[in-house]
Amino acid sequence: MKCIIVFLMGICIGLANAGEASPMAEDPVVEARLVHISQELRCMVCQNESLSSSRAELADDLRREVRDLIRANKSDQEIKDFLVSRYGDFVLYRPEVKPLTWVLWFGPFVVLLMAAIFLLAYLRQRRLAVHPQALSDADRARVEQLLKD
């Protein structure tokens, strides 16, 4: 009986503290721009999530910073440039193609090309090793002699 009373009191206290969810921004236009920009940015903690989907504390701070920049009438490009200057090109999901990011853009293709070259060389070498060479007359006579014995 005591357990039921304690349980019901816990539910009542929980309901008393519950409130309605408040919107993240007072202005829906600011929030829409924030969502658009944050989908193109990488969470620096999670690294495989966009800033808009991350629950990390740093992501909250970055979203707050982006909101402040939006309210300061900065363009999307100015906001991205600010974050790149602060965190580097890694903060962008699609970094610009420039000498510093060539490895990010072309590295996987170079590795794939090198793997294909090594595979072809290996297969060619293996094919040459598999083909038997023609026996000389002396070798053939020796094989016949061994088979007779």
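Against the numbered list (1) surrounded by fewer than 14 Cβ atoms within 10 Å (Cβ to Cβ); (2) in contact with a strand residue (DSSP E or B) (Cβ under 8 Å, 6 or more places away or on another chain); (3) at pLDDT 90 or above, F90 comes up short only at (3). Among the residues of segment 67-74, some residue qualifies, meaning at least one is of a type in the set (D, E, K, R), in contact (Cβ under 8 Å) with a residue 24 or more places away in the chain, surrounded by fewer than 14 Cβ atoms within 10 Å (Cβ to Cβ) and in a helix (DSSP H, G or I). Taking the conditions exactly as written (surrounded by 11 or more Cβ atoms within 10 Å (Cβ to Cβ), in a helix (DSSP H, G or I) and assigned by TED's automatic domain parsing to the domain that holds C46), does F106 satisfy them or not? Criteria not met by F106. With respect to R64, is the statement that it is out of contact with any helix residue (DSSP H, G or I) (no Cβ under 9 Å at 6 or more places or on another chain), at pLDDT 90 or above, surrounded by 11 or more Cβ atoms within 10 Å (Cβ to Cβ) and farther than 23 Å from E31 by Cα true? Considered against the rule, which asks whether it is out of contact with any helix residue (DSSP H, G or I) (no Cβ under 9 Å at 6 or more places or on another chain), at pLDDT 90 or above, surrounded by 11 or more Cβ atoms within 10 Å (Cβ to Cβ) and farther than 23 Å from E31 by Cα, R64 comes out as no. Of everything listed in (1) surrounded by 13 or more Cβ atoms within 10 Å (Cβ to Cβ); (2) touching a helix residue (DSSP H, G or I) at 6+ places or on another chain (Cβ under 6 Å); (3) hydrophobic (A, V, I, L, M, F, W, C), the single unmet condition for V97 is (1).
Quickly run through segment 91-103 and pick out the residues that are closer than 20 Å to H36 by Cβ and in a helix (DSSP H, G or I). Spell out how you get there, then give the answer.
Keep residues of segment 91-103 that are closer than 20 Å to H36 by Cβ, which gives 91-96.
Once the filter is applied, which keeps residues that are closer than 20 Å to H36 by Cβ and in a helix (DSSP H, G or I), segment 91-103 yields only V91.
The values are calculated or read from the model by the stated rules, or taken from the named source; none is laboratory data. All values reported here derive from a predicted model rather than from experimental measurement. All Cβ positions, glycine included, derive from the backbone under ideal geometry; neighbour counts span all protein chains shown.
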